[in-house]
Every structure is written in C-alpha cells, then in structure tokens.
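What follows is a set of notes on a single structure, which appears directly below.
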Amino acid sequence: MFNKFRSIYDSEALRERLSHIRHVALDMDGTIYMGQSLFPYTRPFLQSLREMGITYSFLTNNPSTSIADYLKKLAGMGIEATKEEMYTTALATIDYIRTRYPDARRLFILGTPSMTEEFVRAGFEPTAQSADDRPDAVVVAFDKTLEYDRLCRAAYWVQQGLPYVATNPDRVCPTDQPTVLVDCGSICKCIEHATGRQPDIVLGKPDPTMLAGVQTRYGVSADEVAMVGDRIYTDIEMAFNAGAFGVLVLSGETTLDVADKAPRQPDLIAENISVLGELLALSRE
C-alpha cells in the first residue's frame, strides 16, 4: 500500500537522513510543473525550503530552452529564479566541449534556435546545412524544431566520424498535451539505426556532472543534496551516481508500478514535492 511516500529507510533513519539535507536539486518538467502548468504546491514548497534555510536549484535535461527563456517561463509562473539557480544540459555540453575539444569552434547543432543561441553566446559558430560547411563536432539535442533535411545532415556528419555529443538520454519529454514529445535519446536512436554509431558521450542526467557543479556552487557535499525528479533512469540514477539522496516523485513520467520494478530503489518515493517538504520540516522539529 502506498500512502504519500515510501522509503528504503525506517521512519527514524529517514528523519535522521533528511535532517542533513542542505540543498535540494530539482528536476523541472514533471516535478515542479507539467508542460505549461505549474503544480499548485510548487510555490509553497519553495517557500518552505527558504524558511528552513535549505537552498535549491533547478536542473533539467531539456536543453531546448535557453537559461534566459527558462527564467522567463518560471517568472511567468510566479517563480523568481536567478541564472545561478539554473543548470541545463546545454550548459553541460558547452562545458564538456570546451574541456574535451578545446579547439572546436564550429558545430553542427541539431537543436532549437533557443538552445543554439546559448552556444553562440558561449563563442561557438553553428555551421550551415551544407556538405561543404564541415563542422568540428556534432551536437544532437532535444530538437522541437526538427527538420528532416537537418536530421539527415547530422547523420551524414556522424557517419564521417566527427566528434558526436548528445545533450541528454531522455526518450520522451513529459507533457500535459495529448501527444508524445520525442526527445534526444530517441533522435539519437534514429541516427544510430541509420549510421551504426552511438554518441561518443551522452551528457545530462544520469551523468553526475550536473550535481558536481551544484555541490561546488553551493558548498555542499553529495550526502547533503537531495536530487528530486520524476524519472528513475535519469534523476534517480544521477543521485546514485553522485552519492546524493534520491527522491522520486510520482507527479510526472514514472508510475508506482514502474518504480516497484526498478533494480535499485530510490531513497524516497513521494507522491509529489509537497510531501518531501513536509518530511523535511518534520526532520527539523
């Protein structure tokens, strides 16, 4: 029976574990909102974190929107956030290319204009849709503006053996609309089927790099961070990989039935973030 939450810890151990949480890293779509709809408990939850002195940040595997646009979206929902509180897989990809391929400047980017602008601001140059405009590397992302010709060009450059980076592994993006939003992982599978080649690296959750950045930014250790999200294979796996406290919320993609079948159980499964807020408050009484 599931009644709001379930944990791998008994009640006293859970209380003790939560009492050490100093930062909450929040997935966005499916966790604090769904599509364009903010969950009614999100703002009270964030307020409760502030009152408890717990810092928070927003992490998303969705690179299709720039930091500026994400902040605008959150503001439109009544959430005032700062640039420092945001970390997307577009930024993780930029950091990775700068480190791994320091001479790479010209990229063939399969992504939205909003994401492409993020790369331009970081000093990269998108290449044209032409076999004569050879890039230094290929970046494939969640492209909601995907065009068939550009997909074919990306596959061509991948086939030529150029460095190939995927921003995130997600198969679909959560939505409150009657459709399936095909995400980066599925686009990469298409390219793999056509070329026989997988990405050289897939960034974003569950890769622990994003949480490592959070720890540095906020001066916290991994066991003082709660990673909260609605997906076993990205959010919770990243918590495992980083040594953080993993909280699965059932407000997005994952159902309790799916969670029950996971090979490694989250530290906490909660109906939604408001339940986590209540548990954090109880741990501080």
For segment 52-66, check the following and say yes or no: at least one residue is touching a residue at least 40 places away in the same chain (Cβ under 8 Å), small (Gly, Ala, Ser) and part of a helix (DSSP H, G or I). no
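For every residue, the table says whether it meets (1) outside the structural domain of Tyr156 (by TED's automatic domain parsing); (2) crowded, with 17+ Cβ neighbours inside 10 Å; (3) at pLDDT below 95; (4) out of contact with any Asp or Glu (no Cβ under 8 Å at 6 or more places or on another chain).
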position: Arg197; (1), (2), (3), (4): no, no, no, yes
position: Met227; (1), (2), (3), (4): yes, yes, no, no
position: Gly243; (1), (2), (3), (4): yes, no, no, no
position: Leu248; (1), (2), (3), (4): yes, yes, no, no
position: Leu256; (1), (2), (3), (4): yes, no, yes, yes
Filter segment 134-167 down to residues that are surrounded by 14 or more Cβ atoms within 10 Å (Cβ to Cβ) and more than 24 Å from Ser186 (Cβ to Cβ), then give me how many there are. 1
Only residues that are part of a helix (DSSP H, G or I) and touching a Gly at 6+ places or on another chain (Cβ under 8 Å): list them for segment 198-222, please. Met210, Ala222
Which of the residues that make up segment 233-261 are among the small types (Gly, Ala, Ser) and not in a helix (DSSP H, G or I)? Gly243, Ala244, Gly246, Ser251, Gly252
The listed residue being in a helix (DSSP H, G or I) and surrounded by 22 or more Cβ atoms within 10 Å (Cβ to Cβ), out of Thr31, Thr99, Thr93: Thr93
Qualifying residues in segment 113-122 (those that are assigned to a helix (DSSP H, G or I) and not acidic (Asp, Glu)) - the one surrounded by the most Cβ atoms within 10 Å (Cβ to Cβ): Met115
Report yes if some residue within segment 113-127 is out of contact with any Gly (no Cβ under 7 Å at 6 or more places or on another chain), modelled with pLDDT of 95 or more and acidic (Asp, Glu); otherwise report no. yes
Considering only segment 102-112, I want to know if a residue exists there that is more than 15 Å from the chain's Cα centre (by Cα), surrounded by fewer than 21 Cβ atoms within 10 Å (Cβ to Cβ) and closer than 25 Å to Ile32 by Cα. no
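The values are calculated or read from the model by the stated rules, or taken from the named source; none is laboratory data. Model, not experiment: these values are computed from the prediction. Note: ideal-geometry Cβ built from the backbone for every residue, glycine included; neighbour counts use all protein chains shown.
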